[in-house]
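The values are calculated or read from the model by the stated rules, or taken from the named source; none is laboratory data. Keep in mind that what you see is a predicted model, and the values were worked out from it rather than measured. Glycine also receives a Cβ, built like all others from the backbone with ideal geometry; neighbour counts cover every protein chain displayed. Accessible surface is based on the protein model in full, side chains and every heavy atom, while ligands, DNA and RNA are left aside. Shrake-Rupley method; radii C 1.70, N 1.55, O 1.52, S 1.80 Å.
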Amino acid sequence: TTMGAATDLENEGMRRLIVNAAFWSLGMEAEIPQRTFVGLVGDYRPTPFGFGKYRRGLQLKDFA
């Protein structure tokens, strides 16, 4: 999504917005629970963004 940076997904409200949007886009808005579970599964540590934050050679295995 272009709705924000990876660090925005640390926010429960943002995750809820995305999950509810998925329900809506599938025509399932009537089935959206009052409080959909949007908790993080596993460890989520997004890298910071901004100038001078790029780390050369970073690979997926570095986050395991």
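Please report, as a whole percent, how much of the solvent-accessible surface of the chain comes from carbon and sulfur atoms (probe radius 1.4 Å). All intermediate terms of the calculation are to be shown ahead of the outcome.
Working: 3280 of 5630 Å².
That share works out to 58 percent.
Projecting each Cα onto the charge dipole of the chain (Lys/Arg +1, Asp/Glu -1 at the beta carbon, about the Cα centre), which of Val19, Gly57, Ala6 comes out farthest on the positive side?
Highest projection toward the positive end goes to Gly57.
With θ set to phi - 60° and the Karplus curve 6.51 cos²θ - 1.76 cosθ + 1.60, what are the ³J(HN,Hα) couplings of the range 40-45 in order, to the nearest whole Hz, using x for Gly and Pro?
Listing the rounded values in order: 6, 9, x, 8, 10, 10 Hz.
Only one of the listed values, (i) 5.7; (ii) 3.9; (iii) 4.9, was derived from the coordinates as mean projected area of the Cα convex hull in nm²; which label is it?
Entry (i).
Taking a probe of 1.4 Å, how large is the accessible area per residue of the chain, in Å²? List each step's numbers first, then the result.
Values: 5630 Å² over 64 residues.
In whole numbers, the chain has 88 Å² accessible per residue.
Which trypsin sites (Lys or Arg not before Pro) in the chain sit in a loop by DSSP (not H, G, I, E or B) and have at most 10 other Cβ atoms within 10 Å of their own Cβ?
Numbers: sites: Arg15, Arg16, Arg35, Lys53, Arg55, Arg56, Lys61; in loops: Arg35, Lys53, Arg55, Arg56.
Sparse-neighbourhood loop trypsin sites (Lys or Arg not before Pro): Arg35, Lys53, Arg55, Arg56.
How many nm separate the modelled label positions at Leu17 and Val38, each set 7 Å beyond the Cα in the direction of the Cβ?
Taking the simple label geometry, Leu17 and Val38 are separated by 0.8 nm.
Given the DSSP H assignment, sum -39500 (n - 2.57) over each helix run of at least 4 residues in the chain and divide by its residue total; what's the result at 222 nm in deg cm²/dmol, nearest 500?
Details: 1 runs with 14 residues, N = 64.
For the chain, the value works out to -7000 deg cm²/dmol.
Could you give the dipole magnitude of the chain about its Cα centre, charging the beta-carbon of Lys and Arg +1 and that of Asp and Glu -1, in debye to the nearest 20? Mind dumping the intermediate values first?
Working: 8 positive and 7 negative charges, 76 e Å.
In debye, rounded to 20, the chain gives about 360.
Using θ = phi - 60° and the Karplus relation 6.51 cos²θ - 1.76 cosθ + 1.60, list the HN-Hα couplings for the range 56-61 in order, rounded to whole Hz, with x at every Gly or Pro.
5, x, 5, 10, 4, 4
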